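Written below as C-alpha coordinates is the structure these notes are about.
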Amino acid sequence: MTHWQTLSDQHAAVTERKITDLFKASDRESDFTAQAGDMYFDYSKTNIDAATRETLLALARDAQVEARREEMFSGVHINETEDRAVLHTALRNLDGDAVMVDGENVMPAIHDTLAAMRSFATEVRSGSYTDVINIGIGGSDLGPAMAVRALAPYHDGPRCHFVSNVDGADIADTLRGLNAKTTLVIVASKTFTTIETMTNARTARAWMTDHGGDPQKQFAALSTAQDKTADFGIDPSRVFGFEDWVGGRYSVWGPIGLSLMIAIGPKAFDAFLRGAQAMDVHFRAADLQENLPVLLALVGIWHNQIGGHATRAVLPYDERLGLLPNYLQQLEMESNGKGVLRSGADSPRHTGPVVWGAAGTNGQHAFYQLIHQGTRVIPCEFLLAAEGHEPELAHHHQLLVANCLAQSKALMQGRSLEEATKIAATKGFTGPDLDRQARHRVFPGNRPSTTLLYPKLDPFTLGQIIALYEHRVFVEGIILDIISFDQWGVELGKELATSLQPVVEGTKDASEEDGSTAALIDYIRRHGT
Ligand code: F6P
(Lines give C-alpha, C1' and ligand atoms only; values in the text may rest on other atoms or scores of the structure.)
Protein backbone atom coordinates (compact mmCIF):
# COMPACT_ATOMS: atom_id res chain seq x y z
CA MET A 1 0.00 0.00 0.00
CA THR A 2 1.36 3.46 -0.79
CA HIS A 3 1.73 6.07 1.91
CA TRP A 4 -0.93 8.10 0.11
CA GLN A 5 -3.37 5.22 0.47
CA THR A 6 -2.43 4.68 4.12
CA LEU A 7 -3.03 8.36 4.80
CA SER A 8 -6.44 8.23 3.12
CA ASP A 9 -7.36 5.24 5.25
CA GLN A 10 -6.09 6.95 8.37
CA HIS A 11 -8.10 10.03 7.47
CA ALA A 12 -11.28 8.03 6.90
CA ALA A 13 -10.82 6.39 10.28
CA VAL A 14 -10.63 9.66 12.20
CA THR A 15 -13.18 11.92 10.51
CA GLU A 16 -15.53 11.59 13.48
CA ARG A 17 -12.80 11.87 16.10
CA LYS A 18 -12.70 15.05 18.14
CA ILE A 19 -9.44 16.98 18.16
CA THR A 20 -10.22 17.84 21.77
CA ASP A 21 -10.09 14.13 22.61
CA LEU A 22 -6.53 13.95 21.35
CA PHE A 23 -5.57 16.17 24.27
CA LYS A 24 -6.39 13.31 26.64
CA ALA A 25 -2.84 12.24 25.86
CA SER A 26 -1.08 14.44 28.38
CA ASP A 27 1.90 15.41 26.24
CA ARG A 28 0.14 16.46 23.04
CA GLU A 29 1.04 20.12 23.52
CA SER A 30 4.73 19.22 23.64
CA ASP A 31 4.62 16.31 21.22
CA PHE A 32 2.80 18.23 18.49
CA THR A 33 4.83 21.40 18.66
CA ALA A 34 8.32 22.21 17.39
CA GLN A 35 10.76 25.06 17.58
CA ALA A 36 13.29 26.72 15.32
CA GLY A 37 15.31 29.11 17.43
CA ASP A 38 12.76 31.28 19.23
CA MET A 39 9.99 30.40 16.82
CA TYR A 40 7.32 28.02 18.10
CA PHE A 41 5.01 26.03 15.85
CA ASP A 42 1.92 24.39 17.32
CA TYR A 43 0.04 21.85 15.20
CA SER A 44 -1.67 20.14 18.12
CA LYS A 45 -5.06 21.60 17.16
CA THR A 46 -5.26 19.34 14.09
CA ASN A 47 -6.51 15.80 13.76
CA ILE A 48 -2.99 14.51 13.18
CA ASP A 49 -1.99 11.78 15.63
CA ALA A 50 1.31 9.96 16.07
CA ALA A 51 0.48 7.25 13.52
CA THR A 52 -0.54 9.78 10.88
CA ARG A 53 2.56 11.82 11.52
CA GLU A 54 4.68 8.71 11.02
CA THR A 55 3.03 8.09 7.66
CA LEU A 56 3.41 11.73 6.64
CA LEU A 57 7.09 11.62 7.57
CA ALA A 58 7.51 8.38 5.63
CA LEU A 59 5.87 10.10 2.65
CA ALA A 60 8.43 12.91 2.92
CA ARG A 61 11.34 10.50 3.24
CA ASP A 62 10.17 8.43 0.28
CA ALA A 63 9.92 11.60 -1.80
CA GLN A 64 13.61 12.14 -0.97
CA VAL A 65 12.98 15.51 0.63
CA GLU A 66 16.39 15.47 2.30
CA ALA A 67 18.34 14.63 -0.85
CA ARG A 68 16.35 17.07 -2.99
CA ARG A 69 16.84 19.78 -0.37
CA GLU A 70 20.61 19.34 -0.67
CA GLU A 71 20.31 19.51 -4.45
CA MET A 72 18.62 22.88 -4.12
CA PHE A 73 21.23 24.28 -1.73
CA SER A 74 24.07 23.02 -3.85
CA GLY A 75 23.05 24.53 -7.16
CA VAL A 76 21.62 21.53 -9.04
CA HIS A 77 19.28 22.66 -11.84
CA ILE A 78 16.08 21.66 -10.04
CA ASN A 79 14.06 24.17 -12.07
CA GLU A 80 14.00 21.59 -14.80
CA THR A 81 11.76 23.22 -17.40
CA GLU A 82 13.90 26.35 -17.41
CA ASP A 83 17.14 24.42 -16.80
CA ARG A 84 18.14 26.63 -13.88
CA ALA A 85 19.49 26.27 -10.38
CA VAL A 86 17.31 27.58 -7.53
CA LEU A 87 19.55 29.52 -5.22
CA HIS A 88 17.78 32.34 -3.46
CA THR A 89 19.35 30.81 -0.33
CA ALA A 90 22.77 31.94 -1.59
CA LEU A 91 21.61 35.58 -1.32
CA ARG A 92 21.44 35.23 2.46
CA ASN A 93 24.41 32.92 2.87
CA LEU A 94 26.19 35.83 4.57
CA ASP A 95 29.06 33.99 6.16
CA GLY A 96 28.53 30.53 4.73
CA ASP A 97 30.59 28.37 2.42
CA ALA A 98 31.11 28.74 -1.29
CA VAL A 99 28.03 28.06 -3.40
CA MET A 100 28.83 26.57 -6.77
CA VAL A 101 26.65 27.07 -9.82
CA ASP A 102 27.86 25.31 -12.95
CA GLY A 103 31.38 25.14 -11.53
CA GLU A 104 31.58 28.74 -10.35
CA ASN A 105 31.42 30.09 -6.79
CA VAL A 106 28.64 32.69 -6.87
CA MET A 107 29.28 34.11 -3.40
CA PRO A 108 31.89 36.78 -4.33
CA ALA A 109 29.48 38.41 -6.81
CA ILE A 110 26.65 38.27 -4.27
CA HIS A 111 28.84 39.99 -1.67
CA ASP A 112 29.90 42.63 -4.20
CA THR A 113 26.29 43.40 -5.11
CA LEU A 114 25.31 43.56 -1.45
CA ALA A 115 28.16 45.97 -0.78
CA ALA A 116 27.05 48.15 -3.70
CA MET A 117 23.45 48.08 -2.44
CA ARG A 118 24.63 49.08 1.04
CA SER A 119 26.58 52.08 -0.17
CA PHE A 120 23.78 53.17 -2.51
CA ALA A 121 21.18 52.79 0.25
CA THR A 122 23.36 54.76 2.65
CA GLU A 123 23.75 57.53 0.09
CA VAL A 124 20.00 57.66 -0.57
CA ARG A 125 19.18 57.64 3.15
CA SER A 126 21.58 60.46 3.93
CA GLY A 127 20.81 62.52 0.84
CA SER A 128 17.91 64.76 -0.02
CA TYR A 129 15.46 62.09 -1.12
CA THR A 130 12.09 62.28 0.60
CA ASP A 131 10.41 59.44 -1.26
CA VAL A 132 11.26 56.21 -3.05
CA ILE A 133 8.95 54.50 -5.52
CA ASN A 134 9.51 50.84 -6.30
CA ILE A 135 7.94 50.06 -9.66
CA GLY A 136 7.59 46.30 -10.13
CA ILE A 137 4.98 43.57 -10.10
CA GLY A 138 4.61 40.04 -8.71
CA GLY A 139 7.85 39.00 -7.05
CA SER A 140 9.38 42.37 -7.88
CA ASP A 141 6.73 44.07 -5.74
CA LEU A 142 5.06 41.77 -3.23
CA GLY A 143 8.19 40.87 -1.24
CA PRO A 144 9.52 44.37 -0.64
CA ALA A 145 6.01 45.84 -0.25
CA MET A 146 5.09 43.23 2.35
CA ALA A 147 8.41 43.55 4.20
CA VAL A 148 8.48 47.35 4.20
CA ARG A 149 5.04 47.37 5.80
CA ALA A 150 5.95 44.58 8.22
CA LEU A 151 8.99 46.46 9.47
CA ALA A 152 7.44 49.91 9.77
CA PRO A 153 8.80 50.41 13.32
CA TYR A 154 12.32 50.15 11.90
CA HIS A 155 11.88 52.80 9.21
CA ASP A 156 14.28 55.64 9.43
CA GLY A 157 14.78 56.29 5.73
CA PRO A 158 12.70 58.07 3.08
CA ARG A 159 9.07 57.08 2.57
CA CYS A 160 8.59 54.04 0.30
CA HIS A 161 5.80 53.62 -2.20
CA PHE A 162 4.99 50.66 -4.41
CA VAL A 163 3.45 50.82 -7.85
CA SER A 164 2.59 47.55 -9.54
CA ASN A 165 -0.70 47.64 -11.44
CA VAL A 166 -0.83 48.71 -15.07
CA ASP A 167 -4.09 50.43 -14.16
CA GLY A 168 -3.10 54.09 -14.39
CA ALA A 169 -4.87 54.65 -11.10
CA ASP A 170 -1.95 53.08 -9.27
CA ILE A 171 0.79 55.35 -10.54
CA ALA A 172 -1.46 58.42 -10.71
CA ASP A 173 -2.47 58.08 -7.07
CA THR A 174 1.13 57.48 -6.03
CA LEU A 175 2.66 60.38 -7.94
CA ARG A 176 0.03 62.83 -6.79
CA GLY A 177 1.59 64.87 -4.01
CA LEU A 178 5.17 63.67 -4.55
CA ASN A 179 8.01 66.02 -5.33
CA ALA A 180 9.69 64.94 -8.59
CA LYS A 181 12.94 66.59 -7.51
CA THR A 182 13.28 64.57 -4.31
CA THR A 183 11.91 61.20 -5.43
CA LEU A 184 13.99 58.17 -6.35
CA VAL A 185 12.37 55.71 -8.78
CA ILE A 186 13.52 52.10 -8.61
CA VAL A 187 12.48 50.00 -11.58
CA ALA A 188 12.39 46.43 -10.31
CA SER A 189 12.04 43.74 -12.94
CA LYS A 190 13.98 40.53 -13.27
CA THR A 191 13.39 40.41 -17.02
CA PHE A 192 12.96 44.16 -17.64
CA THR A 193 10.29 43.29 -20.19
CA THR A 194 7.19 43.04 -18.02
CA ILE A 195 4.60 45.24 -19.69
CA GLU A 196 3.08 46.61 -16.48
CA THR A 197 6.43 47.62 -15.04
CA MET A 198 7.82 49.09 -18.23
CA THR A 199 4.63 51.08 -18.83
CA ASN A 200 4.69 52.47 -15.29
CA ALA A 201 8.42 53.19 -15.52
CA ARG A 202 7.94 55.24 -18.69
CA THR A 203 5.06 57.14 -17.12
CA ALA A 204 7.18 57.89 -14.03
CA ARG A 205 10.06 59.04 -16.20
CA ALA A 206 7.82 61.44 -18.12
CA TRP A 207 6.35 62.76 -14.85
CA MET A 208 9.79 63.34 -13.42
CA THR A 209 11.00 65.17 -16.51
CA ASP A 210 7.84 67.29 -16.65
CA HIS A 211 8.12 68.24 -12.98
CA GLY A 212 11.73 69.32 -12.81
CA GLY A 213 13.36 66.06 -11.72
CA ASP A 214 16.23 64.34 -13.50
CA PRO A 215 15.63 60.71 -14.48
CA GLN A 216 19.32 60.43 -15.44
CA LYS A 217 20.16 60.77 -11.76
CA GLN A 218 16.98 59.70 -10.01
CA PHE A 219 16.30 56.30 -11.57
CA ALA A 220 17.79 53.01 -10.43
CA ALA A 221 17.13 49.50 -11.73
CA LEU A 222 17.09 45.99 -10.28
CA SER A 223 17.31 43.34 -12.95
CA THR A 224 19.07 40.36 -14.48
CA ALA A 225 18.95 42.09 -17.89
CA GLN A 226 21.58 44.80 -17.82
CA ASP A 227 21.45 45.32 -21.58
CA LYS A 228 17.79 46.30 -21.21
CA THR A 229 18.37 48.62 -18.24
CA ALA A 230 21.02 50.38 -20.36
CA ASP A 231 18.57 50.67 -23.28
CA PHE A 232 16.12 52.31 -20.90
CA GLY A 233 18.83 54.83 -20.06
CA ILE A 234 19.63 53.89 -16.48
CA ASP A 235 23.22 54.57 -15.50
CA PRO A 236 25.06 51.27 -14.81
CA SER A 237 26.25 52.66 -11.46
CA ARG A 238 22.64 52.54 -10.28
CA VAL A 239 21.83 49.10 -11.69
CA PHE A 240 21.88 46.17 -9.26
CA GLY A 241 21.99 42.84 -10.99
CA PHE A 242 21.19 39.30 -10.02
CA GLU A 243 21.20 35.95 -11.74
CA ASP A 244 18.45 33.91 -13.34
CA TRP A 245 18.71 31.30 -10.57
CA VAL A 246 16.84 33.72 -8.29
CA GLY A 247 13.13 33.22 -8.97
CA GLY A 248 10.98 36.36 -8.96
CA ARG A 249 8.91 35.28 -5.96
CA TYR A 250 12.09 34.34 -4.07
CA SER A 251 13.98 37.53 -4.82
CA VAL A 252 13.41 39.87 -1.86
CA TRP A 253 16.79 38.84 -0.38
CA GLY A 254 18.86 40.51 -3.07
CA PRO A 255 18.58 43.66 -5.20
CA ILE A 256 14.77 43.39 -5.31
CA GLY A 257 14.95 44.15 -1.57
CA LEU A 258 16.66 47.50 -2.19
CA SER A 259 13.61 49.58 -1.22
CA LEU A 260 13.47 47.66 2.06
CA MET A 261 17.15 48.30 2.67
CA ILE A 262 16.62 52.00 2.00
CA ALA A 263 13.67 52.06 4.40
CA ILE A 264 15.25 50.24 7.34
CA GLY A 265 18.96 50.66 6.68
CA PRO A 266 21.68 48.16 5.73
CA LYS A 267 22.16 46.93 9.29
CA ALA A 268 18.54 45.96 9.79
CA PHE A 269 18.50 44.46 6.28
CA ASP A 270 21.44 42.29 7.34
CA ALA A 271 19.41 41.09 10.32
CA PHE A 272 16.58 40.23 7.90
CA LEU A 273 19.01 38.13 5.84
CA ARG A 274 20.39 36.51 8.98
CA GLY A 275 16.92 35.46 10.08
CA ALA A 276 16.40 33.72 6.75
CA GLN A 277 19.84 32.16 6.96
CA ALA A 278 19.02 30.82 10.42
CA MET A 279 15.91 29.18 8.97
CA ASP A 280 18.02 27.70 6.15
CA VAL A 281 20.36 26.18 8.72
CA HIS A 282 17.39 24.78 10.66
CA PHE A 283 15.81 23.39 7.49
CA ARG A 284 19.03 21.61 6.52
CA ALA A 285 19.92 20.29 9.96
CA ALA A 286 16.78 19.52 11.98
CA ASP A 287 15.28 16.04 11.98
CA LEU A 288 12.22 15.91 9.76
CA GLN A 289 9.97 15.48 12.80
CA GLU A 290 11.36 18.68 14.34
CA ASN A 291 11.74 20.55 11.09
CA LEU A 292 9.36 23.51 10.84
CA PRO A 293 9.17 23.80 7.05
CA VAL A 294 8.65 20.04 6.77
CA LEU A 295 5.96 20.04 9.45
CA LEU A 296 4.12 22.95 7.85
CA ALA A 297 4.24 21.10 4.53
CA LEU A 298 2.98 17.84 6.03
CA VAL A 299 0.12 19.58 7.80
CA GLY A 300 -0.70 21.22 4.46
CA ILE A 301 -0.69 17.87 2.65
CA TRP A 302 -2.85 16.28 5.34
CA HIS A 303 -5.45 19.01 5.02
CA ASN A 304 -5.40 19.58 1.28
CA GLN A 305 -4.49 16.38 -0.55
CA ILE A 306 -5.75 13.95 2.07
CA GLY A 307 -8.56 15.89 3.74
CA GLY A 308 -9.77 17.54 0.54
CA HIS A 309 -9.80 21.05 1.99
CA ALA A 310 -8.99 23.12 -1.05
CA THR A 311 -8.10 26.36 0.66
CA ARG A 312 -5.87 27.50 3.47
CA ALA A 313 -6.38 30.72 5.41
CA VAL A 314 -3.32 32.62 6.61
CA LEU A 315 -4.33 34.75 9.56
CA PRO A 316 -1.57 36.92 10.99
CA TYR A 317 -2.60 38.54 14.26
CA ASP A 318 -0.11 41.18 13.40
CA GLU A 319 -1.43 44.21 11.55
CA ARG A 320 1.93 44.83 9.91
CA LEU A 321 1.79 41.39 8.30
CA GLY A 322 -1.36 42.47 6.48
CA LEU A 323 0.29 41.82 3.11
CA LEU A 324 1.61 38.39 4.09
CA PRO A 325 -1.43 36.57 2.64
CA ASN A 326 -0.93 38.40 -0.69
CA TYR A 327 2.76 37.58 -0.65
CA LEU A 328 2.07 33.92 0.13
CA GLN A 329 -0.51 33.76 -2.62
CA GLN A 330 2.21 34.29 -5.18
CA LEU A 331 4.79 32.22 -3.34
CA GLU A 332 2.53 29.22 -2.92
CA MET A 333 0.10 29.43 -5.83
CA GLU A 334 2.61 30.37 -8.51
CA SER A 335 5.01 27.73 -7.20
CA ASN A 336 2.69 24.81 -6.60
CA GLY A 337 -0.34 25.58 -8.76
CA LYS A 338 0.67 22.98 -11.34
CA GLY A 339 -1.23 20.24 -13.14
CA VAL A 340 1.54 17.93 -14.25
CA LEU A 341 4.27 15.99 -12.51
CA ARG A 342 7.98 16.48 -13.21
CA SER A 343 7.68 13.75 -15.82
CA GLY A 344 4.96 15.68 -17.65
CA ALA A 345 2.27 13.15 -16.70
CA ASP A 346 -0.94 14.49 -15.19
CA SER A 347 -0.82 14.82 -11.42
CA PRO A 348 -2.95 12.08 -9.87
CA ARG A 349 -3.99 14.41 -7.07
CA HIS A 350 -4.75 18.05 -6.40
CA THR A 351 -1.66 20.22 -6.09
CA GLY A 352 -1.23 23.57 -4.28
CA PRO A 353 -4.08 24.95 -2.21
CA VAL A 354 -5.85 28.26 -2.66
CA VAL A 355 -4.14 30.56 -0.16
CA TRP A 356 -5.97 33.54 1.23
CA GLY A 357 -6.47 35.47 4.43
CA ALA A 358 -6.16 38.80 6.19
CA ALA A 359 -4.83 40.24 9.40
CA GLY A 360 -6.69 39.52 12.59
CA THR A 361 -8.72 40.83 14.23
CA ASN A 362 -10.21 42.47 11.12
CA GLY A 363 -11.03 39.15 9.47
CA GLN A 364 -13.11 38.18 12.49
CA HIS A 365 -15.61 40.86 11.51
CA ALA A 366 -15.68 39.81 7.88
CA PHE A 367 -15.19 36.18 6.86
CA TYR A 368 -14.77 34.21 10.10
CA GLN A 369 -18.50 33.50 10.12
CA LEU A 370 -17.96 31.07 7.26
CA ILE A 371 -14.85 29.61 8.87
CA HIS A 372 -16.81 28.81 12.04
CA GLN A 373 -20.23 27.81 10.73
CA GLY A 374 -19.94 27.44 6.96
CA THR A 375 -20.24 24.05 5.30
CA ARG A 376 -16.60 24.01 4.18
CA VAL A 377 -13.70 23.29 6.48
CA ILE A 378 -10.96 25.90 6.09
CA PRO A 379 -7.70 24.96 7.80
CA CYS A 380 -6.37 28.12 9.44
CA GLU A 381 -2.82 29.22 10.08
CA PHE A 382 -2.49 31.80 12.85
CA LEU A 383 0.64 33.89 13.36
CA LEU A 384 1.25 35.91 16.49
CA ALA A 385 4.03 37.86 18.21
CA ALA A 386 4.50 37.52 21.96
CA GLU A 387 5.28 41.21 22.12
CA GLY A 388 4.14 44.20 20.09
CA HIS A 389 6.07 47.33 19.22
CA GLU A 390 3.86 49.66 21.22
CA PRO A 391 4.68 49.14 24.91
CA GLU A 392 2.49 52.11 25.76
CA LEU A 393 -0.42 50.18 24.21
CA ALA A 394 0.24 46.83 25.89
CA HIS A 395 -3.47 46.36 26.54
CA HIS A 396 -4.07 46.40 22.77
CA HIS A 397 -1.59 43.59 22.37
CA GLN A 398 -3.17 41.61 25.18
CA LEU A 399 -6.53 41.89 23.45
CA LEU A 400 -4.95 40.83 20.17
CA VAL A 401 -3.40 37.77 21.82
CA ALA A 402 -6.65 36.84 23.55
CA ASN A 403 -8.53 37.08 20.26
CA CYS A 404 -6.03 34.98 18.36
CA LEU A 405 -6.00 32.22 20.97
CA ALA A 406 -9.78 32.40 21.29
CA GLN A 407 -10.24 31.78 17.57
CA SER A 408 -8.17 28.61 17.38
CA LYS A 409 -9.85 27.38 20.57
CA ALA A 410 -13.33 28.13 19.23
CA LEU A 411 -12.56 26.40 15.94
CA MET A 412 -11.43 23.30 17.76
CA GLN A 413 -14.02 23.22 20.55
CA GLY A 414 -17.11 24.41 18.78
CA ARG A 415 -20.42 24.66 20.64
CA SER A 416 -22.82 21.74 20.91
CA LEU A 417 -26.59 21.87 20.38
CA GLU A 418 -27.02 21.26 24.10
CA GLU A 419 -24.90 24.29 25.01
CA ALA A 420 -26.56 26.38 22.32
CA THR A 421 -29.98 25.39 23.63
CA LYS A 422 -29.06 26.56 27.12
CA ILE A 423 -27.91 29.89 25.72
CA ALA A 424 -31.05 30.32 23.62
CA ALA A 425 -33.22 29.47 26.64
CA THR A 426 -31.62 32.30 28.61
CA LYS A 427 -32.79 34.63 25.84
CA GLY A 428 -36.37 33.60 26.53
CA PHE A 429 -36.95 31.21 23.60
CA THR A 430 -39.18 28.23 24.29
CA GLY A 431 -40.79 25.29 22.48
CA PRO A 432 -40.03 24.69 18.78
CA ASP A 433 -38.64 28.19 18.53
CA LEU A 434 -36.02 27.30 21.12
CA ASP A 435 -34.71 24.43 19.00
CA ARG A 436 -34.70 26.52 15.83
CA GLN A 437 -32.89 29.40 17.51
CA ALA A 438 -30.44 27.03 19.19
CA ARG A 439 -29.48 25.35 15.91
CA HIS A 440 -28.36 28.71 14.49
CA ARG A 441 -26.04 29.08 17.48
CA VAL A 442 -24.27 25.72 17.09
CA PHE A 443 -20.60 25.66 16.11
CA PRO A 444 -19.55 22.32 14.62
CA GLY A 445 -15.99 22.70 15.95
CA ASN A 446 -13.28 20.15 15.20
CA ARG A 447 -11.89 22.62 12.69
CA PRO A 448 -8.11 22.43 12.40
CA SER A 449 -5.63 25.23 12.85
CA THR A 450 -1.95 25.78 13.49
CA THR A 451 -0.29 28.63 15.36
CA LEU A 452 3.12 30.10 14.73
CA LEU A 453 4.48 32.19 17.60
CA TYR A 454 7.53 34.43 17.57
CA PRO A 455 8.91 36.89 20.12
CA LYS A 456 8.50 40.11 18.12
CA LEU A 457 8.18 41.06 14.46
CA ASP A 458 11.71 42.39 14.00
CA PRO A 459 13.85 42.10 10.84
CA PHE A 460 15.44 38.81 11.94
CA THR A 461 12.06 37.24 12.67
CA LEU A 462 10.54 38.42 9.40
CA GLY A 463 13.47 36.78 7.59
CA GLN A 464 12.77 33.55 9.46
CA ILE A 465 9.06 33.64 8.65
CA ILE A 466 9.52 34.18 4.91
CA ALA A 467 12.23 31.53 4.62
CA LEU A 468 10.02 29.14 6.59
CA TYR A 469 7.24 29.52 4.04
CA GLU A 470 9.64 29.30 1.09
CA HIS A 471 10.92 25.97 2.32
CA ARG A 472 7.43 24.75 3.12
CA VAL A 473 6.48 25.38 -0.51
CA PHE A 474 9.60 23.51 -1.60
CA VAL A 475 8.79 20.46 0.55
CA GLU A 476 5.17 20.35 -0.62
CA GLY A 477 6.37 20.57 -4.22
CA ILE A 478 8.82 17.70 -3.74
CA ILE A 479 6.18 15.50 -2.13
CA LEU A 480 3.71 16.33 -4.90
CA ASP A 481 6.47 15.62 -7.45
CA ILE A 482 5.89 18.85 -9.31
CA ILE A 483 8.26 21.61 -10.40
CA SER A 484 7.79 24.53 -8.00
CA PHE A 485 10.09 26.99 -9.70
CA ASP A 486 8.61 27.69 -13.10
CA GLN A 487 5.37 29.57 -13.85
CA TRP A 488 4.23 28.68 -17.34
CA GLY A 489 0.65 29.27 -16.29
CA VAL A 490 1.10 33.03 -16.52
CA GLU A 491 2.15 32.98 -20.16
CA LEU A 492 -1.07 32.43 -22.08
CA GLY A 493 -2.83 35.45 -20.60
CA LYS A 494 0.19 37.63 -21.36
CA GLU A 495 0.26 36.45 -24.99
CA LEU A 496 -3.45 37.01 -25.49
CA ALA A 497 -3.25 40.48 -23.91
CA THR A 498 -0.57 41.38 -26.42
CA SER A 499 -2.68 40.19 -29.33
CA LEU A 500 -5.81 41.89 -27.99
CA GLN A 501 -4.14 45.25 -27.52
CA PRO A 502 -4.59 46.40 -31.15
CA VAL A 503 -8.22 45.24 -31.06
CA VAL A 504 -8.83 47.30 -27.90
CA GLU A 505 -7.02 50.26 -29.44
CA GLY A 506 -9.22 49.95 -32.52
CA THR A 507 -6.44 49.35 -35.04
CA LYS A 508 -7.62 45.79 -35.65
CA ASP A 509 -11.19 44.58 -35.88
CA ALA A 510 -12.64 42.02 -33.49
CA SER A 511 -13.85 39.60 -36.15
CA GLU A 512 -11.35 36.90 -35.14
CA GLU A 513 -12.37 37.03 -31.49
CA ASP A 514 -14.86 34.67 -29.87
CA GLY A 515 -18.40 36.02 -29.55
CA SER A 516 -18.12 36.91 -25.88
CA THR A 517 -14.82 38.78 -26.24
CA ALA A 518 -16.07 40.61 -29.35
CA ALA A 519 -19.22 41.74 -27.52
CA LEU A 520 -17.23 42.90 -24.49
CA ILE A 521 -14.93 44.92 -26.74
CA ASP A 522 -17.93 46.37 -28.54
CA TYR A 523 -19.37 47.56 -25.23
CA ILE A 524 -16.04 49.06 -24.14
CA ARG A 525 -15.66 50.88 -27.46
CA ARG A 526 -19.14 52.30 -27.24
CA HIS A 527 -18.82 53.41 -23.61
CA GLY A 528 -15.11 54.30 -23.43
CA THR A 529 -13.47 57.36 -24.83
O1 F6P B 1 3.63 36.83 -13.16
C2 F6P B 1 4.71 36.23 -13.76
C3 F6P B 1 6.01 36.82 -13.30
O4 F6P B 1 6.99 36.32 -14.14
C5 F6P B 1 6.35 36.52 -11.85
O6 F6P B 1 6.85 35.26 -11.65
C7 F6P B 1 7.30 37.62 -11.56
O8 F6P B 1 7.53 37.78 -10.18
C9 F6P B 1 6.58 38.78 -12.20
O10 F6P B 1 6.02 38.24 -13.38
C11 F6P B 1 7.43 39.97 -12.52
O12 F6P B 1 8.45 39.66 -13.40
P13 F6P B 1 9.67 40.62 -13.62
O14 F6P B 1 10.40 40.75 -12.33
O15 F6P B 1 10.50 39.98 -14.68
O16 F6P B 1 9.14 41.95 -14.07
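Things to note:
- Cα gyration tensor shape of segment 69-228, rounded if a/c is under 1.5, else prolate or oblate by comparing a/b with b/c: prolate
- All lysines inside 28 Å of Lys228 as judged from Cα atoms, apart from same-chain residues fewer than 8 positions distant: Lys181, Lys190, Lys217, Lys494
- Accessible area per residue (1.4 Å probe, heavy atoms of protein chains only) ranks Tyr129, Tyr327 as Tyr129, Tyr327, with the largest value leading.
- Across segment 206-244, the residues whose backbone nitrogen lies under 18 Å from the label position 7 Å along the beta-carbon direction of Ser119 are 220-221, 235-242.
- For Phe41, the accessible surface of its heavy atoms amounts to roughly 0 Å² (probe 1.4 Å, protein chains only, rounded to the nearest 10).
- Remark: the Cα gyration tensor places segment 329-482 in the oblate category, a/c being 1.5 or greater and a/b not exceeding b/c.
- Among beta bridges that DSSP assigns inside segment 88-272, antiparallel share in %, nearest 5: 10
- Taking every DSSP beta bridge that has both ends in the chain, the antiparallel portion is near 25%.
- For segment 259-406, the C-alpha radius of gyration divided by 2.2 N^0.38 Å, with N the number of residues, is 1.22.
- The chain, relative contact order [Cα under 8 Å, separation at least 6], %: 19
- Computed with the Debye formula from one identical point scatterer per Cα of the chain, without solvent, the log10 of I(q)/I(0) at q = 0.07, 0.09, 0.12 Å⁻¹ comes to -0.45, -0.73, -1.20.
- Heavy-atom surface of segment 88-272, accessible at 1.4 Å and reported per residue (Å²): 39
- Considering segment 393-529 at the alpha-carbon level, its Rg and Dmax are found to be 27.3, 71 Å.
- Given a 1.4 Å probe and the protein chains as shown, Thr199 ends up with an accessible area of around 50 Å².
- Split the accessible area of the chain by element, probe 1.4 Å, and carbon with sulfur accounts for 52%.
- Accessible area per residue for segment 383-479, computed on protein heavy atoms with a 1.4 Å probe, is 46 Å².
- Spin-label pair Val281-Ala394: with each label point 7 Å from Cα along the Cα-Cβ axis, the two points sit 3.2 nm from one another.
- The packing ranking of peptides 436-449, 248-261, highest mean first, is 248-261, 436-449, where packing means the average number of other beta carbon atoms within 10 angstrom of each residue.
- Sorting 17-30, 103-116, 465-478, 148-161 by average packing, meaning the other beta carbons within 10 Å per residue, from highest down gives 465-478, 148-161, 103-116, 17-30.
- Amide N proximity, segment 196-214 versus Lys508 label position 7 Å along Cα-to-Cβ, cut-off under 19 Å: 196
The values are calculated or read from the model by the stated rules, or taken from the named source; none is laboratory data. Quick caveat: nothing in here was measured; it's all calculated off a predicted structure. Reconstructed Cβ throughout: ideal geometry from the backbone, glycine too, with neighbour counts over all protein chains shown. The accessibility values were calculated without ligands, DNA or RNA, using every heavy atom of the protein model including side chains. Shrake-Rupley method; radii C 1.70, N 1.55, O 1.52, S 1.80 Å.
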